[in-house]
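This report concerns only the one structure given below.
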Amino acid sequence: MIQHHSLVAAVFVRDLAHRHAPTVRSLLLAGVDHVVVGSPDIAHSADLLFDDRVEVVPATHVAAFVNEVSDRFGCTVVACDEPVVVPEHAFSPALGLIAGDPRVATVNVWCNFAGYISFPHLNVPSSHQQGDLDERSGTDRLRSCQPLGTPVALPLAGGPLVCIARAAMTACGPLVDTPFDDLSVSTAEFSLRSAGRGFLALLDPITYVTRPFDLAEPTGAAVSQPDVREWLHDRHPVFPTVFDAQCADPGSPVAIAHGAARAQAIGLQVLIDGSVMGPLETGTQVQLMNLVAALAKRADVHRIVVAMPGPVPPYAVAAFASPKIEPLNTPDGSIPDDARFDIVHRPFQPDRPLPWDLWRRVARRVVITVQDLIAYRVGQYHSSPQQWLAYRTNMAQSMAQADGIAVFLDDVADQIALERLPVDPSRIGSVPCGTDHLTGQEPACPPAPFLDPELAASRFLVVLGSNYAHKNRDLAVQAWKELQRRGIERTLVVVGAHVPFGSSRHAEAQALGVDDDGVVALLDATSEERNWLLRHADVVVYPTSAEGFGLVPFEAARFGTPTVSVNFGPLAEVHADPPVTAASWSASDLADAILELLNDPDASAAAINSTLEAGTAFTWDIAAEKLVHVYQRALASHPSPARPAEEPRP
C-alpha cells in the first residue's frame, strides 16, 4: 500500500548523477516527503540513495517519468531535470496556492537560469550567486520584506523546476514527450494546454532557487530555440504571440513582480531629487537630509544618489556621510543615460513642472511627496491668478502621473480626497516626518540683537516661521498685546522671512499699531540662533492654521520649551491630547493658554513632556521604514498611466 504524501519530487538524471546530490539533499531539507530519481543508468545513480526517502527508478524520458510519479503518488509533484538547489520550506507557498485554488496547474519560482523568469536579471540568465544573493538569502529577503509579493499569472510554465498539481493532470492529461526531451518544453506545452481549459500557471514570487553553474552547464532557454517554438506553435497556434509580447513588456505581470522582488532581494536603488539643496538650510532641507540618512541605514536600501545643483552644502556633509549615499552634482538636472534606479523620489512639493520623461527613462517608478495643499488652495500665495491656475494644474498632473505619493499625514490624504484630485488612494502612503533630528544639546548662540545686555536679560516669547498668512503671525502679535493689557511683560521675537505674496505683513503692522516697542523682528536665523531662541524662550507661540505636519512644537520641546497652538487637523493627528492648547485663534484664547504656561511650571513641564512622548512615535527611522513601504508598493503595482496634459483638472 502506497503511503500518502502531499509533495513528491521527481528528479530526472540524464548523466553524471553525482551532480544531482545537492538537489536531492536540498529537496529533503525543504520538506519534500519523498524523492524519486529517474535515470537511464540506475547503477550510476545509486550514490543518491543516502536517505530512506530517496529511491532510484529506471527512466528514459523526462515527461513519462514525471507522469509515472504523479500517477503513483497522486499528489503534487516537484519536477526538475537540471541540478538545482532549493532553500528550506521552498514549497510552502506553492502548496498553499495549489490547495487554495483547484484551477492552479503549475507553480514556478524565481531561478537564476530560467529563461523569462530568470532572477535577479529579468530574461537574462546569470551566475548562480550574485554578490551575497543565493537561494537562502534571496528567499529570506523576499519573504521578510513588506509588502509581501503576491502570486503572478504566467503566460506559460518554464524553468528547470516546476510544481505540477495532480488535479490539473487528471483534468488536462499528462505531460507529453517531446522531440527535445526537455522538462521546460513539456511543462510549457502542458501549461498552454491546461490554460485552454481555464487552468492557471502561476509564479511564486517569494521563493528563489539556484541552478549552480558548477553543477549544470549553462544553456539557452529551450523555448527561445526556433525548433521548439515551431513545435509549440504547431500544437498551440496562440503561441508565441502573447508570450513574446509579455516578455518584451516592462509593464507585464512578471516584469512588475520582478522589479519588486529584485529591489527586495538586492536592495533598493533610489535617485533623490535634491534640487533644493542650496546654501540655505530650511525645513525642506532638514527633512530631505534626515530622510536620506535614515534610508541609508536600512539593509533593504542598497544605493542612494542625491542629485543636487552643486556640491554638498556644509550643513549636509554629516547627513550624507554614509557610503551608500552618492552626491551627484548636476546643475542642469541631467542624469547619466546609463543610470538605472528602482525609484526616483522628489521628497518635497511638486510645485513646478517635473522632468517625467527623464525620470521614467532612468527608473522603474516615480514617487513624489505632497507636503500639503496650502498653496494649491490659497491664491494669494501666487503672483497672479494665471500663475495660481498653473500651479494647481501642475500639482494635479503630478499626482496623476506619480506611481506613488508620500504624504506627511493622513490629514493630507484627506485633503487630497476633499479636492477630488486624480489620485488612486492605493498609491498614497503616510510618511510622517521624524522629530528626533534635534536633541536639545546642539550648539547655540544668541542672535545679534540679544548681544545687547538689556535685551539679553529679557524674558521673551518666540514665533518661528515665514510671514505666510496661514502662519497667523498677526494673531501672535494680538495675543502678545492681550498679555500686555493683562500686565504681563514679555519681549516678542518674530523670526522668519518675508514672502513676496500672501504675507501677513499688513495684518501684523495693524496689530502692532504705531508702537512696536518690545518686538524683535528677525528676517532669518541660523541653526545656532534658532537653537538659542528655542532654549531661552518662555513659550513658543505657534498659531498656524494650515500645516502638512508641524515640527515646531517638537523642536521646541527638545530644548525644554512649551508651545501654544490650536490643536487642529495635522497637529491633532501627531499629538492627540496636549495638556495645554488654545481653544481658538482669538487673541484672548491664545493669551489664556500662554498665561497658563507662564504661571504654572507644572503645566509647562507637562506640556513639554507630553510633546516629547508624542514625538516618540515619529522618528526618522520610522519615516524611512514607511517610505520604503511606499517604494515597494509602487514597484509591486502597475505603473500609473501617463495621462494627457489636458485631462487633470485643478
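The values are calculated or read from the model by the stated rules, or taken from the named source; none is laboratory data. What you are looking at is a predicted structure, and each value in this text was computed from that prediction instead of being measured. With ideal geometry, Cβ positions are generated from the backbone for all residues, glycine too; neighbour counts draw on all protein chains shown.
Restricting attention to region 103-133, and to residues there that are of a type in the set (Phe, Trp, Tyr) and part of a loop (DSSP other than H, G, I, E, B), which single residue is surrounded by the fewest Cβ atoms within 10 Å (Cβ to Cβ)?
PHE113
Could you please find all residues in region 22-48 being surrounded by 15 or more Cβ atoms within 10 Å (Cβ to Cβ) and of a type in the set (A, V, I, L, M)?
If the condition is that a residue be surrounded by 15 or more Cβ atoms within 10 Å (Cβ to Cβ) and of a type in the set (A, V, I, L, M), then VAL24, LEU27, LEU28, ALA30, VAL32, VAL35, VAL36, VAL37, ILE42, LEU48 are the ones that fit.
Go through the residues of region 119-135 one by one and say whether even a single one is at positive phi and either of a type outside the set (S, T, N, Q) or assigned by TED's automatic domain parsing to the domain that holds PRO155 (or both).
The answer is yes, given that some residue of region 119-135 is at positive phi and either of a type outside the set (S, T, N, Q) or assigned by TED's automatic domain parsing to the domain that holds PRO155 (or both).
Out of the helices (runs of 4 or more DSSP H) lying entirely within region 230-303, which hold 1 or more residues that are surrounded by fewer than 16 Cβ atoms within 10 Å (Cβ to Cβ) and of a type in the set (Asp, Glu)?
Answer list for region 230-303: 241-248.
Please give the number of the condition ILE488 fails out of (1) out of contact with any Leu (no Cβ under 7 Å at 6 or more places or on another chain); (2) surrounded by fewer than 19 Cβ atoms within 10 Å (Cβ to Cβ).
(1)
Please specify each residue of region 598-617 satisfying the condition of being hydroxyl-bearing (Ser, Thr, Tyr) and either touching a strand residue (DSSP E or B) at 6+ places or on another chain (Cβ under 9 Å) or assigned to a helix (DSSP H, G or I) (or both).
Residues satisfying the conditions are SER604, SER610, THR611.
Against the condition outside any loop (DSSP other than H, G, I, E, B), surrounded by fewer than 20 Cβ atoms within 10 Å (Cβ to Cβ) and in the same structural domain as LEU291 (by TED's automatic domain parsing), how does LEU328 come out, does it pass?
no
How many residues does region 135-174 contain that are part of a helix (DSSP H, G or I) and farther than 30 Å from ASP300 by Cα?
Looking only at that region, the number is 7.
Residues of region 49-67 being of a type in the set (D, E, K, R) and without any contact (Cβ under 8 Å) to a residue 12 or more places away in the chain, which ones?
ASP52 - this is the single residue of region 49-67 that is of a type in the set (D, E, K, R) and without any contact (Cβ under 8 Å) to a residue 12 or more places away in the chain.
Say whether the condition of being within 19 Å of SER458 (Cα to Cα), small (Gly, Ala, Ser) and crowded, with 18+ Cβ neighbours inside 10 Å is met by at least one residue in region 530-551.
For region 530-551, residues within 19 Å of SER458 (Cα to Cα), small (Gly, Ala, Ser) and crowded, with 18+ Cβ neighbours inside 10 Å: present.
In region 462-500, how many are under 19 Å from GLY548 (Cβ atoms) and either without any contact (Cβ under 8 Å) to a residue 24 or more places away in the chain or assigned to a loop (DSSP other than H, G, I, E, B) (or both)?
7
Tell me the residue from TYR315, TYR381 that is aromatic (Phe, Trp, Tyr), over 25 Å from GLY429 (Cα atoms), touching an Asp or Glu at 6+ places or on another chain (Cβ under 7 Å) and in contact (Cβ under 8 Å) with a residue 60 or more places away in the chain, please.
Exactly one of TYR315, TYR381 is aromatic (Phe, Trp, Tyr), over 25 Å from GLY429 (Cα atoms), touching an Asp or Glu at 6+ places or on another chain (Cβ under 7 Å) and in contact (Cβ under 8 Å) with a residue 60 or more places away in the chain, namely TYR315.
Looking at region 465-481, can you tell me whether even one residue there is more than 46 Å from the chain's Cα centre (by Cα) and either in the same structural domain as LEU598 (by TED's automatic domain parsing) or modelled with pLDDT of 95 or more (or both)?
Checking region 465-481: at least one residue is more than 46 Å from the chain's Cα centre (by Cα) and either in the same structural domain as LEU598 (by TED's automatic domain parsing) or modelled with pLDDT of 95 or more (or both).
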